[in-house]
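Colleague: If you scroll down you'll find the structure; I have some questions about it.
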Amino acid sequence: MAAQKLAQTAQTALLYEVIVWPKPGLVDPVDSGSHQDMDIFTFMNSAVSLLPYFQAAGQAGQTFAGTDLWELFQQLRQLGQDAEQTMFLATNQVNTHKGAIFSLGIAVGATAYYCQQHDFSVLGVQQVVRNMLKGLTKHDFNEQTTDFSQTLTAGQKQYRQYGMTGVRGEAEAGFPSVVQGSLPFLRRQTGYRQQRLLNTLMFLAAQTADSNLIKRAQSVAVLPWIKQQVEHFFALGGARSSAGQDFLTDLNQSFIQRNLSLGGCADLLILTIYFALLEGSL
Ligand SMILES: CC(C)(COP(=O)(O)OP(=O)(O)OC[C@H]1O[C@@H](n2cnc3c(N)ncnc32)[C@H](O)[C@@H]1O)[C@@H](O)C(=O)NCCC(=O)NCCS
Ligand SMILES: Nc1ncnc2c1ncn2[C@@H]1O[C@H](COP(=O)(O)OP(=O)(O)OP(=O)(O)O)[C@@H](O)[C@H]1O
């Protein structure tokens with residue numbers, strides 16, 4: 001599949017995700033959730049700035065001719081680090097899409113590589129991601145090579161404290177929360193796209209050890225709590241019911257009061273949208 005088409009699909013996924021409302025704690029068109037330093041316009045600036053990055057990630061995958069896919073990942077990671085700078089320039093130094101740059105860049109690169117020889121298939125792309133990222137968590141969390149005198153990121157801290165592998169573990173496993181989880185879930189949803197995507201976000205919230213949520217809650221006890229909230233939401237009928245909509249509006253307020261957010265789940269929703277658009281199920 002052409003790099004241009006993959007890049008446009010990735011960018012569309014960023015824009016679809018941010019327009020979904022009401023998302024607990026996250027930026028949406030109505031409020032900035034628990035993020036005072038950004039709003040929907042910041043996200044639009046960020047999404048617009050990232051198109052050349054996704055094109056470059058697609059081109060890297062489309063032209064990669066080596067045998068060791070770890071080398072392709074090294075290329076993608078360098079492009080991703082440059083894209084982070086592009087994002088910070090576009091957003092006045094606010095982190096809007098750091099996790100999405102990483103996860104979606106990998107997905108675009110892997111899709112383009114897979115489509116050198118095959119028609120698009122989500123499971124085929126997942127296998128490429130797994131082959132490409134073998135050993136990623138071991139590599140990144142290596143005690144010998146990590147400089148612990150530097151400030152640690154939330155992901156690094158949580159690995160040391162709880163052994164949780166966060167976005168790296170999810171990526172290395174080929175994004176199973178999406179490919180075996182939220183994507184099949186989204187395919188089964190009915191109703192407006194807003195409702196289907198809100199339900200999918202909440203599905204992800206119950207499944208994910210989101211390092212952004214844990215960091216802000218300062219405790220892993222937030223994970224069983226959010227799972228209960230999700231169960232309650234679906235028991236009320238989910239986003240297609242007015243009780244479910246009211247529940248989400250209240251949950252957004254309680255997220256804002258506690259300064260909680262679901263940044264990692266938002267990224268996984270973006271990835272779900274990307275695959276759904278490519279396979280034509282959204
Ligand atoms: C791996 C990335 C995302 C950086 O991770 P970092 O440790 O800085 O952040 P952290 O782990 O706290 O999370 C980053 C983001 O991932 C997303 N996220 C959180 N949890 C999850 C999850 N379970 N699944 C998917 N995404 C998640 C969120 O958006 C979060 O903000 C990426 O930015 C990167 O590779 N940066 C360069 C780092 C680098 O070069 N390392 C070299 C080491 S040798
Ligand atoms: N609508 C949204 N879509 C995607 N991500 C969102 C949205 N709203 C908020 N975020 C996420 O919130 C995160 C920023 O939250 P926060 O300021 O807590 O993180 P940070 O300290 O900059 O970095 P880290 O995520 O590494 O902890 C970003 O990763 C951003 O992805």
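Colleague: Where the only charges are on Cβ atoms (+1 Lys, Arg; -1 Asp, Glu), what is the dipole of the chain about its Cα centre, to the nearest 20 debye?
Modeller: The calculated dipole for the chain is roughly 440 debye.
Colleague: Follow-up question, since we're still on this one. On average over all directions, what projected area in square nanometres does the chain have, based on the convex hull of its Cα atoms?
Modeller: On the way: hull surface 55.5 nm².
Average of the hull's projected areas for the chain equals 13.9 nm².
Colleague: Here is a follow-up. Ignoring ligands and nucleic acids, what accessible area does TYR162 show with a 1.4 Å probe (Å², nearest 10)?
Modeller: Rounded to the nearest 10, that gives 90 Å².
Colleague: Sticking with this structure for a sec: In the full protein assembly as shown, how much of LYS5 is accessible to a 1.4 Å probe, in Å² to the nearest 10?
Modeller: 100 Å²
Colleague: Can you give the angle from 0 to 90° between the axis of helix 242-258 and the longest principal axis of the chain, with both taken from C-alpha atoms, to the nearest 10?
Modeller: Between the helix axis and the principal axis of the chain, the angle is about 80 degrees.
Colleague: Got a number for carbon plus sulfur as a percent of the chain's accessible area, 1.4 Å probe? Let's see the in-between values first.
Modeller: Working: 6250 of 12600 Å².
Exposed carbon and sulfur together represent 50 percent of the surface.
Colleague: How far is helix 122-132 tilted off the main Cα axis of the chain, in degrees rounded to 10, range 0 to 90?
Modeller: Here the helix axis deviates by roughly 60 degrees.
Colleague: Report the Cα centroid-to-centroid distance between the stretch 209-269 and the stretch 100-146 in angstrom, as an integer.
Modeller: Each part's Cα centre sits 28 Å from the other's.
Colleague: What is the angle, in °, between the Cα long axis of helix 193-207 and the longest principal axis of the Cα atoms in the chain? Nearest 10 is fine, range 0 to 90.
Modeller: The helix 193-207 is inclined about 80 degrees to the chain.
Colleague: Ordering ARG216, ARG193 from largest to smallest accessible area (1.4 angstrom probe), what's the sequence?
Modeller: These residues rank, largest area first, as ARG193, ARG216.
Colleague: At 1.4 Å probe size, with every protein chain present, just tell me what the per residue accessible area of the stretch 34-153 comes to in Å².
Modeller: Accessible area per residue, the stretch 34-153: 50 Å².
Colleague: Given the DSSP H assignment, sum -39500 (n - 2.57) over each helix run of at least 4 residues in the chain and divide by its residue total; what's the result at 222 nm in deg cm²/dmol, nearest 500?
Modeller: About -21000 deg cm²/dmol.
Colleague: Related question: Count the lysine pairs in the chain whose Cα atoms lie under 16 Å apart, taking only pairs 8 or more positions apart in sequence or on different chains.
Modeller: Values: LYS23/LYS227; LYS98/LYS215; LYS138/LYS157; LYS157/LYS215.
Final tally of qualifying lysine pairs is 4.
Colleague: OK, next. Which residue, LEU236, LEU6, PRO224, has the largest displacement toward the positive end of the dipole of the chain when charges sit on each Cβ (Lys, Arg +1; Asp, Glu -1)?
Modeller: After comparing all options, I get LEU236.
The values are calculated or read from the model by the stated rules, or taken from the named source; none is laboratory data. Computed from a predicted structure; not experimentally measured. Counting neighbours? That spans all protein chains shown, and the Cβs are built from the backbone with ideal geometry, glycine included. In case anyone asks, the SASA skips ligands and DNA or RNA and just uses the protein heavy atoms, side chains included. Shrake-Rupley method; radii C 1.70, N 1.55, O 1.52, S 1.80 Å.
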